[in-house]
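First up is the structure itself, then whatever we jot down about it.
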Amino acid sequence: MKRRHTMPFGAELAADGSTRFRLWAPAARSVELDLSVRDLRRVLPMARQDSGWFEARVTDAPAGARYAFRIDGGMVVPDPASRCNPDDVHQASQVIDPLAFAWSDEGWRGRPWEHAVIYELHVGTFTPAGTFAAARERLGYLVDLGVTAIELMPIADFPGRCNWGYDGVLPFAPDAVYGTPEELKQLVDAAHARGLMVLVDVVYNHFGPEGNYLHAYAPQFFDPQHHTPWGAAINFAGEASRTVRDFFIHNALYWLEEYHVDGLRFDAVDRFIDDSAPDFLTEILTRVRDRFGRERHVHLVLENDRNQARYLGRDSGQRPLLATAQWNDDMHHALHCLIAGETDGYYADYAERPLWYVGRCLAEGFGYQGETSRYRRHTPRGEPSLRLPASAFVSFMQTHDQVGNRAFGERIAQLAPPRALRAAIACVLLAPSPPLLFMGEEFGASTPFLFFCDFGAELAAAVTQGRRREFGRFGSERAQASIPDPNAAATFAASKLSWPEINASPHCDWLRFYRQCLELRFTHIVPRLPGMVSSGAFEVYGEDVLCVHWTLGDGSRLHLAANFSPNVQPLAPLPGIVIYATDASEAPQAGASVSMLAPQSVVFALEATP
């Protein structure tokens with residue numbers, strides 16, 4: 001089985017053996033192709049075409065050839081649509097033949113979203129080697145854990161030896177520090193052979209600050225009137241935005257077709273600045289749906305601080321019209337506030353009644369559905385989400401953001417009491433919404449996940465100082481200096497998981513707990529999710545006890561009772577049979593009722609249909 005996504009730009013091998021090179025450079029007077037084939041280097045003119053395009057067709061430029069573009073006789077730049085840049089973002093690109101890889105997953109059509117248990121991982125820190133090949137060796141572990149989908153943090157080529165990936169500048173090229181395009185395809189192929197879906201995190205709201213040469217020859221990629229927190233905003237609505245939109249739309253289609261991944265997670269779509277109709281997000285989601293239709297399961301997940309329910313609608317058969325789901329940050333923030341007690345920053349929005357927000361997220365999706373957010377300068381946030389199914393919201397206790405954006409990268413196991421944390425995790429793993437785990441959380445990893453990068457000297461110094469200013473509340477310069485330097489090799493090394501931990505307590509105990517919860521999820525809950533129409537209902541009793549009730553797709557009823565207080569709390573009997581209780585030794589027999597809730601404990605009960 002061979003796969004290729006044909007693109008209107010970059011290097012495309014033709015059936016006759018020639019290679020077409022194409023670059024959109026509307027600000028350039030001339031563009032030349034700097035081509036190296038074996039030991040022969042040539043500089044060839046590229047013909048100017050309409051609308052800022054330049055093109056050259058070469059008979060001898062096979063797979064493996066290196067090429068770059070010379071702008072106006074001076075600056076030499078890599079291909080922004082490069083499929084591979086072996087020597088990092090400042091050097092020449094490489095011609096790749098996508099049809100050279102033989103796939104073995106011809107029968108793979110993905111898995112229904114109701115099956116999703118997502119494991120977010122950073123390729124560079126997931127294993128000691130930090131490569132696609134090394135990650136492939138851990139797939140069996142993830143299957144045994146109960147994971148059904150791996151989500152790769154951005155893998156597009158970034159500058160230097162390490163990066164979270166959100167500073168990528170060549171969005172079509174897997175970063176060479178992780179391996180070759182073929183090794184990434186081997187990872188996807190092997191995941192499919194084990195029944196694992198693969199999602200890729202993509203960044204379409206900005207380019208990274210180093211290695212982005214588009215400003216020099218295609219400034220139309222950017223909106224000069226707006227900026228994001230990470231750099232110039234992308235031009236999705238202004239003059240020449242059609243080509244810009246097509247660049248990113250093809251990128252989405254490329255990962256889904258050429259790499260056969262099962263879905264994409266779109267980073268910070270609230271940073272898209274676009275008042276056109278249809279807006280870019282609607283267009284790209286529609287194009288993907290139209291391209292793949294019903295031929296396979298393709299899942300499109302948003303990160304959207306605006307809580308816009310409009311992108312999460314379903315048709316009459318409960319199939320997504322646009323996005324499949326959204327990361328539910330409200331759920332994380334409320335749970336974190338509840339069990340860790342932090343109330344600064346965005347946690348302030350949940351501090352007055354965190355348990356109520358947990359209940360609303362579990363039952364209705366968003367915590368903020370149009371209410372005023374104090375953290376966001378007292379502006380309204382969100383849209384009503386009650387009519388959306390639980391599958392539209394991805395719940396989590398940790399992500400790269402929530403760990404890595406702390407000064408010292410602490411994980412929740414270092415911040416919350418174990419018993420309260422166990423209760424919170426059960427709420428995430430056993431509720432109907434698809435859960436997401438951040439690598440290592442399943443065994444209570446002791447290693448931090450820090451912010452790291454590897455920029456050139458001048459930019460590196462600015463990033464280090466900026467990071468320390470960001471955490472100015474640490475007081476003295478000496479205290480701020482203790483915050484790990486993002487550009488230090490030791491910072492990256494400290495963020496790698498320590499796998500031997502899984503064999504020692506308490507790590508092995510946490511791992512056993514996660515496996516138990518996920519086994520219960522697949523036994524009792526997942527088979528009943530298809531067809532679930534809307535979210536549930538919730539009540540908070542005396543500010544201490546939360547009860548949530550869901551009607552599942554087969555008509556069964558799932559009930560949750562949670563007590564996050566330090567005291568025993570009375571509880572009205574839950575209907576059905578108990579499928580999980582925090583204290584297994586105290587779990588009642590099937591059909592028995594629970595009249596008291598122990599401190600920091602949860603109970604799930606199921607009323608199955610006959």
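At-a-glance table
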item	result
Test set (1) under 28 Å from Gly64 (Cβ atoms); (2) under 20 Å from the mean Cα position of the chain (by Cα) - Glu210 fails condition number	(2)
Residues of the stretch 140-169 satisfying the condition of being over 18 Å from the mean Cα position of the chain (by Cα) and assigned to a strand (DSSP E or B)	none
Selected residue (criterion: surrounded by the fewest Cβ atoms within 10 Å (Cβ to Cβ)) from residues of the stretch 176-199 that are part of a helix (DSSP H, G or I) and either free of Cβ contacts under 8 Å to residues at least 24 places away in the same chain or hydrophobic (A, V, I, L, M, F, W, C) (or both)	Ala193
Test: residue in the stretch 200-223 that is in contact with a Ser or Thr (Cβ under 9 Å, 6 or more places away or on another chain) and free of Cβ contacts under 8 Å to residues at least 40 places away in the same chain	yes
Residue match in the stretch 48-58 (condition: in a loop (DSSP other than H, G, I, E, B) and either within 20 Å of Leu170 (Cβ to Cβ) or out of contact with any Asp or Glu (no Cβ under 8 Å at 6 or more places or on another chain) (or both))	no
Qualifying residues in the stretch 367-405 (those that are assigned to a loop (DSSP other than H, G, I, E, B) and under 18 Å from the mean Cα position of the chain (by Cα)) - the one nearest to Gly553 (Cα to Cα)	Met397
Among the candidates Arg265, Arg242, Arg271, residue that is basic (Lys, Arg) and within 24 Å of Ser495 (Cβ to Cβ)	Arg265
Top-ranked residue in the stretch 9-67 [being among the aromatic types (Phe, Trp, Tyr) and within 20 Å of Val89 (Cβ to Cβ); ranked as modelled with the lowest pLDDT]	Phe9
Residue match in the stretch 60-68 (condition: of a type outside the set (Gly, Ala, Ser), over 36 Å from the mean Cα position of the chain (by Cα), over 21 Å from Ala173 (Cα atoms) and part of a strand (DSSP E or B))	no
Only one of Phe449, Phe455 that is within 23 Å of Asp330 (Cα to Cα) and either in a loop (DSSP other than H, G, I, E, B) or not acidic (Asp, Glu) (or both)	Phe449
Any hit, the stretch 271-292, residues being within 30 Å of Glu183 (Cβ to Cβ) and of a type in the set (Gly, Ala, Ser)	no
Qualifying residue in the stretch 150-158 (condition: touching a residue at least 24 places away in the same chain (Cβ under 8 Å), out of contact with any Leu (no Cβ under 7 Å at 6 or more places or on another chain) and surrounded by fewer than 19 Cβ atoms within 10 Å (Cβ to Cβ))	no
Test set (1) closer than 20 Å to Val394 by Cβ; (2) in contact with a strand residue (DSSP E or B) (Cβ under 7 Å, 6 or more places away or on another chain); (3) crowded, with 24+ Cβ neighbours inside 10 Å - Ala173 fails condition number	(1)
Strands (runs of 3 or more DSSP E) within the stretch 249-341 that include 3 or more residues within 30 Å of Ala562 (Cβ to Cβ)	299-302, 325-327
Residue list for the stretch 535-577, filter: in contact with a strand residue (DSSP E or B) (Cβ under 9 Å, 6 or more places away or on another chain), in a loop (DSSP other than H, G, I, E, B) and among the charged types (D, E, K, R)	Asp544
Neighbours by Cβ (under 7 Å, 6+ apart or cross-chain): first from the stretch 13-30, part of a loop (DSSP other than H, G, I, E, B); second surrounded by fewer than 14 Cβ atoms within 10 Å (Cβ to Cβ) and small (Gly, Ala, Ser)	Ser30/Gly73
Cβ pairs under 9 Å, 6+ apart, first in the stretch 567-585 and buried (at least 17 other Cβ atoms within 10 Å of the Cβ) and at pLDDT 90 or above, second in a loop (DSSP other than H, G, I, E, B) and charged (D, E, K, R)	Gln569/Asp544
Conditions (1) among the aromatic types (Phe, Trp, Tyr); (2) modelled with pLDDT under 95; (3) closer than 21 Å to Pro530 by Cα; number of the one not met by Tyr346	(3)
Filter pass, Gln516 being closer than 30 Å to Ala390 by Cα and either over 22 Å from the mean Cα position of the chain (by Cα) or at pLDDT below 95 (or both)	yes
Residue match in the stretch 348-362 (condition: in contact (Cβ under 8 Å) with a residue 60 or more places away in the chain, of a type outside the set (D, E, K, R) and not in a helix (DSSP H, G or I))	no
Failed item in (1) among the aliphatic types (A, V, I, L, M); (2) touching a Phe, Trp or Tyr at 6+ places or on another chain (Cβ under 7 Å); (3) under 30 Å from Gly17 (Cα atoms); (4) in a loop (DSSP other than H, G, I, E, B), with Ala102 passing the rest	(2)
Criterion (among the aromatic types (Phe, Trp, Tyr) and closer than 24 Å to Arg469 by Cα) met by exactly one of Tyr368, Tyr350, Tyr346, Tyr357	Tyr346
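Okay, residues lined up against (1) within 20 Å of Ala390 (Cβ to Cβ); (2) without any contact (Cβ under 8 Å) to a residue 24 or more places away in the chain; (3) over 15 Å from the mean Cα position of the chain (by Cα):
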position	(1), (2), (3)
Ala252	no, no, no
Asp274	no, no, yes
Ala277	no, yes, yes
Glu283	no, no, yes
Val288	no, no, yes
His299	yes, no, no
Asp305	no, no, no
Ala309	yes, no, yes
Leu322	yes, no, yes
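The values are calculated or read from the model by the stated rules, or taken from the named source; none is laboratory data. These numbers come from a predicted model, not from an experiment. Positions of Cβ are backbone-derived with ideal geometry, glycine not excepted, and every protein chain shown enters the neighbour counts.
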